[in-house]
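What follows is a set of notes on a single structure, which appears directly below.
The values are calculated or read from the model by the stated rules, or taken from the named source; none is laboratory data. The model shown is predicted, which means the values in this text are computed figures rather than measured ones. A quick note on method: Cβ atoms are made from the backbone with ideal geometry, for glycine too, and the neighbour counts reach across all protein chains shown. These accessible areas exclude ligands, DNA and RNA; they are computed on the full protein's heavy atoms, side chains included. Shrake-Rupley method; radii C 1.70, N 1.55, O 1.52, S 1.80 Å.
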Amino acid sequence: DTNSGNLCAVSGDTNLYIGNGDAACDSSTDTLVTGLTIDAGATLVLVDQGYWGGGYGTVWLANDMVLNGTIITDAASGLYIEANMIDVESSGRITTSATSDGSNAGEIYLGDGNNITKTIINRGTIEAKGLGSGSGGYVYFYADDLIVNYGTIEASGGRVSARRSELGG
């Protein structure tokens with residue numbers, strides 16, 4: 001939060017904020033991000049904010065996330081993303097794939113049954129691939145209403161799991 005307008009995160013908080021430039025990201029003084037569009041060619045690196053037992057790059061958005069660029073993490077366990085709608089466009093990519101030979105991939109959680117994520121649409125690439133002898137990760141899709149895939153989902157050595165909550169009458 002040293003430059004006004006930059007994204008920042010608070011330890012133990014699942015949200016992103018737009019910093020005000022006062023050198024400290026703070027949920028009471030910085031602006032909460034409620035929706036997010038990541039443009040083609042841009043990369044968002046989600047860091048471990050210590051939420052959910054730690055080890056996951058997390059972001060929770062009350063509104064929609066539209067992904068034309070890339071989301072990655074430097075967190076050991078992987079990514080955990082919640083948004084009203086997660087829309088991975090054809091140029092979009094979510095990855096926890098390994099970057100060095102023999103390394104394992106992380107996990108990707110898109111939603112987790114918290115009544116936040118209603119819709120997941122994938123036209124791009126969602127991957128958790130190990131490299132060399134490294135095992136693949138896991139990809140989980142948890143949406144309350146709809147999960148649609150027109151793109152690529154790869155979890156080399158892992159598994160893909162999807163669940164849609166039943167709607168009440």
Quick check: from the Cα gyration tensor, does the stretch 2-122 come out rounded (a/c under 1.5), prolate or oblate?
rounded
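Counting only protein heavy atoms, what percent of the accessible surface of the stretch 82-151 is carbon or sulfur at a 1.4 Å probe?
Looking at the stretch 82-151 in its full context, I get 39 percent from C and S.
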Env charge @ residue 93, Cβ radius under 14 Å, K,R +1 / D,E -1, value -3
Counting only residues 5 or more apart in sequence or on a different chain, those whose built amide H sits under 5 Å from that of residue 37 are 66
Using a simple charge model, +1 on the beta-carbon of Lys and Arg, -1 on the beta-carbon of Asp and Glu, nothing else, what dipole does the chain show about its Cα centre, in debye to the nearest 20?
560 debye
Long-range amide H contacts for residue 135: which residues qualify at under 5 Å (H placed 1.01 Å from N, peptide plane, sequence gap of 5 or more or a different chain)?
104, 105
Would the stretch 59-116 count as rounded, prolate or oblate if I go by the C-alpha gyration tensor, calling it rounded below 1.5 in a/c and otherwise prolate when a/b exceeds b/c, oblate otherwise?
oblate
In debye, nearest 20: dipole of the stretch 42-105 around its Cα centre with unit charges on the Cβ of K, R (+) and D, E (-)?
60 debye
Quick one: which residues, 5+ away or cross-chain, put their amide H under 5 Å from the amide H of residue 73? H built at 1.01 Å from N.
46
